[in-house]
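Peer 1: Take this structure first; my questions come after.
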Amino acid sequence: MKLPALKLPFAETSAKALPIRGFTAAAWSKDSRREPAATRSWAEAQSFAAKPGQVLLLPDASGKPRTVLAGLPEQPDLWSYAAIAAALPEGDYRLDFQPHDADDAALGWALASYRFDRYRKPSAKPLARLALPRAANKARVQAIYEAIALARDLITMPSNDLGPAELAAAAQAVAKRFKAQCRVIVGEQLLKQNYPLVHMVGRAAAAHRQPRLIDITWGNPKAPKVTLVGKGVCFDSGGLDIKPPSGMLMMKKDMGGAAIMLGLAQAIMALKLPIRLRLLIPAVENAISADAFRPGDVCKSRKGLTVEIGNTDAEGRLILADALAEADSETPEILLDAATLTGAARVALGPDLPALFSPDDALADALLAAGRVTNDPFWRLPLHSPYRDYLDSKVADINNAGDTPFAGSITAALFLRDFISNTKAWAHLDVYAWTARPRPGRPAGGEAMGLRALLHILERRYR
Ligand code: BES
Ligand code: MN
Ligand code: ZN
């Protein structure tokens, strides 16, 4: 599978770039008095009030644009710059002020150019280009942009073109680019190598869409170990406990956790963070066939715990259980997983706020703080142990679905917790991975929720 080469909308030089002057609405209403009369009346005629994302081109005597006025919120973030980039016509621009964060400004600008146009003629609209602010780190901005674009592309790609084999090929391509080691365990081999739950969930898929475990390692073996795990359900029909049409419609995005973690891994490798990175992605299709796993089945997991199937639609936690057990066997310094795990997390927090679960308060606090400074927020929910008995089974060590729908995202996280015994700093993110209401820089489609915040804590800790 080939993903298109990326060209970021940055100007070669700032020599001919139009300066952008940024104002908050309050600053504009106060300071515009000091502007020349022609500027003020032009702004008034165009109803320019420096509202966030509002732009106004000021002409020179010959009518050519000379300067840009742009509106910014009191607390600008990367999306503030995406809004400005999206509103401007083609041309070269430069910021005539110090942005709150030069990398964020450049990244936001770049993300305004992101499109998913694999399946139709690319838009011909030429882009506004930014001369990078002096303080911006171009390589870093490029790495983060590429990570986000990779995750978005994979999530938005339809399941007929992105099954477990194609997801593994994308991971292998990333590994090859950064000379990482990549091992993929496919089909029956999953049983021999003791990934029984990954095999069970994925075995009903067609022969060319067999389940697999993608296992990437990179970096100095002696460096601190950071392990990332992502749910890679390339399509979730619900299995035999089949989803209704409305619930199945979006389920091509059920590998969102895997895409986000693959993007994050790519950024970590591009930025050469001094860690020993491991990425584990169980990649399956939760399909229906004569060989599908059934409600009531019992399967022994990689860890040895037996799992009774209460609902075949609670498949994500099953494949994650085996991957997390393997991750935990090395006792990494940090273990992070991301998954489009439950509808219940969306009922609780809506689409834009991933639910964060962690038994480690210091890690949770660091993640929440990182979410705030990067504007890539989470909301913490509790691993409330008394709810663990919702998952009690009469025949096995644990059931994969609670006997009540209450606290569905908490019980899913509690299920995962039973498969981790050595690792102290574990965090689980239950993400939506999709933008339903588009905004500048964030078109409708897959979204790498949490990626920037996770990278931030790793850069903070290890850079
Ligand atoms: N992939 C779904 C969860 C999901 C649904 C995420 C909609 C985002 C939007 C997951 O595999 C699932 O089906 N979960 C069930 C669990 C239940 C059967 C215990 C759910 O949330 O209803
Ligand atoms: Mn499901
Ligand atoms: Zn699922």
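Peer 1: Among what's in the stretch 295-317 and is open to solvent by less than 40 Å² (accessible area, probe 1.4 Å) and part of a loop (DSSP other than H, G, I, E, B), pick the residue that is farthest from ligand 1 (Cβ to nearest atom).
Peer 2: Once the filter is applied, the top-ranked residue is Gly304.
Peer 1: Being not in a loop (DSSP other than H, G, I, E, B) and not hydrophobic (A, V, I, L, M, F, W, C) is the filter here; which residues of the stretch 318-338 pass it? First the steps, then the outcome.
Peer 2: If we filter the stretch 318-338 for residues that are not in a loop (DSSP other than H, G, I, E, B), which is where we start, we get 318-329, 334-338.
Answer for the stretch 318-338, where residues must be not in a loop (DSSP other than H, G, I, E, B) and not hydrophobic (A, V, I, L, M, F, W, C): Asp322, Glu326, Asp328, Ser329, Asp337.
Peer 1: Please identify the pairs in which a residue from the stretch 304-319 that is within 11 Å of ligand 2 (Cβ to nearest atom) has its Cβ atom under 6 Å from the Cβ atom of a residue that is modelled with pLDDT of 95 or more and of a type in the set (Asp, Glu), counting only partners at least 6 apart or on another chain.
Peer 2: Asn311/Asp241; Thr312/Asp241; Asp313/Asp241
Peer 1: Something else: Of the numbered conditions (1) closer than 23 Å to Glu166 by Cα; (2) more than 16 Å from ligand 3 (Cβ to nearest atom); (3) among the basic types (Lys, Arg), Arg317 fails exactly one; give the number of that condition.
Peer 2: Answer for Arg317: the failing condition is (2).
Peer 1: Being away from ligand 2 (no atom under 16 Å from the Cβ) and either open to solvent by 10 Å² or more (accessible area, probe 1.4 Å) or part of a strand (DSSP E or B) (or both) is the filter here, so list the residues in the stretch 270-283 that pass it.
Peer 2: Selection gives Ala270, Leu271, Lys272, Pro274, Arg276, Leu277, Arg278, Leu279, Leu280, Ile281.
Peer 1: Could you list, in sequence order, the residues of the stretch 237-268 that are in contact with a Gly (Cβ under 8 Å, 6 or more places away or on another chain) and away from ligand 2 (no atom under 13 Å from the Cβ)?
Peer 2: The answer is Ala258, Ala259, Ile260, Met261, Leu262.
Peer 1: Let me ask something else about it. Just to confirm my filter: which strands (runs of 3 or more DSSP E) fall fully inside the stretch 177-264 and include at least 1 residues that are open to solvent by less than 40 Å² (accessible area, probe 1.4 Å) and away from ligand 3 (no atom under 16 Å from the Cβ)?
Peer 2: Here the list reads 181-186, 212-218, 225-230.
Peer 1: Might you check whether a residue that is in contact (Cβ under 8 Å) with a residue 40 or more places away in the chain, loosely packed, with under 14 Cβ neighbours inside 10 Å and either over 24 Å from Lys253 (Cα atoms) or not polar (S, T, N, Q) (or both) occurs anywhere in the stretch 152-162? Before the answer, list the steps.
Peer 2: Here is the first cut: in the stretch 152-162, the residues in contact (Cβ under 8 Å) with a residue 40 or more places away in the chain are 152-159, 161-162.
Keeping just the survivors that are loosely packed, with under 14 Cβ neighbours inside 10 Å gives 158, 161.
If we keep only those that are either over 24 Å from Lys253 (Cα atoms) or not polar (S, T, N, Q) (or both) as well, we get 158, 161.
Taking every residue of the stretch 152-162 in turn, at least one turns out to be in contact (Cβ under 8 Å) with a residue 40 or more places away in the chain, loosely packed, with under 14 Cβ neighbours inside 10 Å and either over 24 Å from Lys253 (Cα atoms) or not polar (S, T, N, Q) (or both).
The values are calculated or read from the model by the stated rules, or taken from the named source; none is laboratory data. The model shown is predicted, which means the values in this text are computed figures rather than measured ones. Ideal geometry is used to build each Cβ from the backbone, glycine not excepted, and the neighbour counts take in all protein chains shown. Remember, those area values only see protein heavy atoms, side chains included, never the ligands or the DNA or RNA. Shrake-Rupley method; radii C 1.70, N 1.55, O 1.52, S 1.80 Å.
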